[in-house]
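J.: Have a look at this one.
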Amino acid sequence: MVRFTITGTVERFATVEPERVVLRGRPGEELKASVKIIPKADYPFSILHAKAKYGRFISISLEGLKDSGKEGFLLTVENLKKDPGRYFDVVSLETDSSIRPELQVSVTGFIK
């Protein structure tokens, strides 16, 4: 067994706020959340396609966004589950960047 340590600075490719989506509420309530995705100036990219891994309990939409003079994207995730229970999904965002061709946003739902 060989062990080694790597050190260095990790640069963010984009600002993703929040990094995870949690949809929590009661059946029949409108539950949705928005995620801001702002590319860093050194790594510009466009999002070509957004897709939920399962898509059974969520719907997604993606639109352009201008935030404090910076262009980016707004991902909206909405709950579709009508009965109590939990679920997990992942939204994959296909980019035109060779550095990071895909971004992922985790989604968790808690319907009480």
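The values are calculated or read from the model by the stated rules, or taken from the named source; none is laboratory data. As the structure is a computational prediction, the values presented were derived from the model and not from experiment. Because the Cβ atoms are built from the backbone with ideal geometry, glycine has one as well, and the counts that use them run over all protein chains shown.
J.: Among 71, 78, 17, which is touching a Gly at 6+ places or on another chain (Cβ under 8 Å) and on the phi < 0 side of the Ramachandran plot?
T.: None of the others qualify; the one that does is 71.
J.: Scan the range 66-75 and tell me whether some residue there is exposed (fewer than 13 other Cβ atoms within 10 Å of the Cβ), modelled with pLDDT of 95 or more and outside any strand (DSSP E or B).
T.: no
J.: Under 7 Å by Cβ, and 6 or more places apart or on different chains, what pairs join a residue from the range 48-64 that is closer than 16 Å to residue 35 by Cβ with one that is polar (S, T, N, Q) and not in a loop (DSSP other than H, G, I, E, B)?
T.: 51/92; 53/92; 58/79; 60/76; 61/76
J.: Out of the range 73-102, which residues are free of Cβ contacts under 8 Å to residues at least 40 places away in the same chain and within 20 Å of residue 36 (Cβ to Cβ)?
T.: Result: 73, 89, 90, 102.
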